[in-house]
Amino acid sequence: MKKVIIIGSGFSSLASACYMAKAGFQVTVLEKNEQVGGRASLLEIDGFKFDMGPSWYWMPDIFERFFGDFGKKVSDHYSLEKLSPGYRVYFGKNDFIDISDRLEEIIETFEKIEKGSGKHLQDFMKKAKANYEIAMKDLVYNPGKSILELVSVETAKRLPLFVQNISETVRKNIKNPKLRSILEFPVLFLGAKPNNTPAFYNFMNHADFGMGTWYPKGGFNAVAKGMQKLAEELGVTFLVNEEVTEIRTEGNSAKAVITENGTFEADLIISGADYAHTETLLKSTEQNYTPDYWQKKTFAPSSFLYYVAFDRKVPQLQHHNLFFDTDFKRHAEEIYDTKTLPEKPLFYANFSSKTDADLCPEGKEVGFFLIPVAVDLKDSEEIHDRYFEIIMDRIEKNTGENLRDSVIVKKSFGVQDFKERYYSCRGNAYGLANTLLQTSVLRPSITNKKIKNLFYTGQLTVPGPGVPPALISGKVVTDYILKNKHQLF
Ligand SMILES: Cc1cc2nc3c(=O)[nH]c(=O)nc-3n(C[C@H](O)[C@H](O)[C@H](O)COP(=O)(O)OP(=O)(O)OC[C@H]3O[C@@H](n4cnc5c(N)ncnc54)[C@H](O)[C@@H]3O)c2cc1C
């Protein structure tokens, strides 16, 4: 049996581990941290459980397709609940919009706020759904090896959508600033400003309004655990606290990886660790890209995160809450252009325990707050604390909830923590943005140009940031390897 070493245990690594094991390889996953799941780690403090990273479960079809490839269903590994409302968006004091789990109701909400916008939304959503189907069928499962992968009758028809940006299409017909920001929100998951994201990516609006927001019981970490269990059933071995410090090569071939505990021989290596970090495990002459290359790229933002427990329930808020009560344009400029600490940041507040009672003791609540910030920012505990106060003030101002006095657990996580915990390039939270110039063949390559049996997967390569793309990335790299197996062994 040929030996495969997979570096890291995020979703892309977990997916590729399953596919490689199914194809008959002997697979070992080496993870530097104390647990499996990468960005979807679970933090437990005093009986309170926090998802450390992803919390929006979108595109349930991608997860179903993944488990389906192994003759399984999602429900064999974890249970899902559709959230209703999907989420709440605050625009000011007691001024919020709840996003229903049914498109017809969302259309009614739009129409009530801006006459005529319901019809525009309906048309927009029809196109979003068609784009979603094309993206999933023709685009995202490609290895990013040739521009021809992007060419089909359907994509040719949609060429203008790659030149226009999503802001233009949203703003053409919708005038109300609140509705505009709701429609521009989904592409933020792709890591760039809406006016720097191709209009074709409105397929994310189908993921949002069309398919809905789901919750995996136990949080996102339960998804990672479900995938780990499947991988173990397929024969994969997982080792945690096992940091790879070197990829050992001979000529144009990788032979082994080195950790503090020893040498792991390999016939093939797939790295799901942050791409730029994986490169540092090689000699500089073997790297695909120079450090300068990464400096020039548009990364998805970093974040200030707060994992907080409250000694009471929080009735005024929903499971997912977006605070869009300040100027997003300015905050976006601070993230992407000036790269400074935000003056009046937008933020996200999550209270998963409103859906999942097992996350904390009865009568209490767990919260998780996120402020997107620029990569490379210099942060500190003192800066985190300052921004936590801003969040508490804004929640109180907008909802009347004084949460500050009920805090019983609080832990923050920021740019420096992303670098230390995940070896994240420039402290990015979720990879390399999906701008036009960072799409498909223009993303970092899944193959190493000099080492024939070393491959890369994950959110810095194809197709891009987010959990569903990470699952796809794991499949893409494995399909590519299996197709080109004869050149490797
Ligand atoms: C705060 C936050 C919120 C998010 N919200 C959402 C959301 O709501 N919905 C969504 O779909 N996505 C969301 N995302 C994005 C999503 O979590 C990621 O895109 C996805 O999990 C990335 O998976 P990955 O496999 O590419 O990498 P990772 O999860 O980063 O996995 C890489 C792993 O490699 C390990 N590693 C690094 N170096 C080494 C080494 N030398 N040796 C061994 N192991 C190593 C790391 O420790 C890590 O475990 C969010 C991300 C963050 C951070």
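Every number in this text was worked out from the coordinates using simple rules, so none of it is lab data. As the structure is a prediction and not an experimental result, all values here were calculated from the model. For neighbour counting, all protein chains shown are included, and Cβ atoms are generated from backbone atoms with ideal geometry for every residue, glycine included.
Per-structure values
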item: Gain upon complete extension [residue 94, residue 64; 0.36 nm per residue less C-alpha separation]; result: 7.0 nm
item: Using alpha-carbon coordinates, inclination of helix 467-483 to the longest axis of the chain, degrees; result: 20 degrees
item: In degrees, nearest ten, helix 117-134 long axis to first principal axis of the chain (Cα); result: 10 degrees
item: Cβ charges +1 (Lys, Arg) and -1 (Asp, Glu), total dipole of the range 415-477, debye; result: 280 debye
item: Likely footprinting exposure, 18, 360, fewest C-beta neighbours within 10 Å first; result: 360, 18
item: Computed over the range 102-211: relative contact order in percent, which uses C-alpha pairs under 8 Å that are six or more apart; result: 36 percent
item: Charge tally in the Cβ shell below 11 Å around residue 53, where Lys, Arg are +1 and Asp, Glu are -1, residue 53 excluded; result: +1
item: Qualifying trypsin sites (Lys or Arg not before Pro) for the range 339-443 [loop in DSSP, other Cβ within 10 Å: at most 11]; result: 378
item: Given charges at beta-carbon only (K, R positive; D, E negative), |dipole| of the chain in Debye; result: 1480 debye
item: Efficiency of FRET from Cβ geometry, residue 378 and residue 138, R₀ 45 Å, rounded to 0.05; result: 0.60
item: Trypsin sites (Lys or Arg not before Pro) within the range 18-105, DSSP loop, no more than 12 other Cβ atoms inside 10 Å; result: 73, 93
item: Per-residue Cβ neighbour rank within 10 angstrom, fewest leading, 239, 432, 346; result: 239, 346, 432
item: Residue order, fewest to most beta carbons within 10 Å, for 188, 183; result: 188, 183
item: Anchor residue 93: lysines whose Cα lies under 16 Å away (excluding residues fewer than 8 positions away in-chain); result: 178, 344, 397
item: Relative contact order (percent, whole number), the chain, Cα cutoff 8 Å, 6+ residue spacing; result: 24 percent
item: Simple label model, 7 Å out from Cα along Cβ direction - residue 153 to residue 175, nm; result: 4.0 nm
item: Given charges at beta-carbon only (K, R positive; D, E negative), |dipole| of the range 102-211 in Debye; result: 280 debye
item: Unsatisfied cross-links (Cα-Cα over 20 Å) in the set 127/475; 297/419; 3/419; 82/411; result: 127/475; 3/419; 82/411
item: Mean separation of Cα contacts under 8 Å, 6 or more apart, over the residue count of the range 389-432: relative contact order %; result: 21 percent
item: Trypsin sites (Lys or Arg not before Pro) within the range 235-299, DSSP loop, no more than 16 other Cβ atoms inside 10 Å; result: 283
item: Interchain or long-range residues, amide H under 5 Å from residue 238's placed H; result: 29
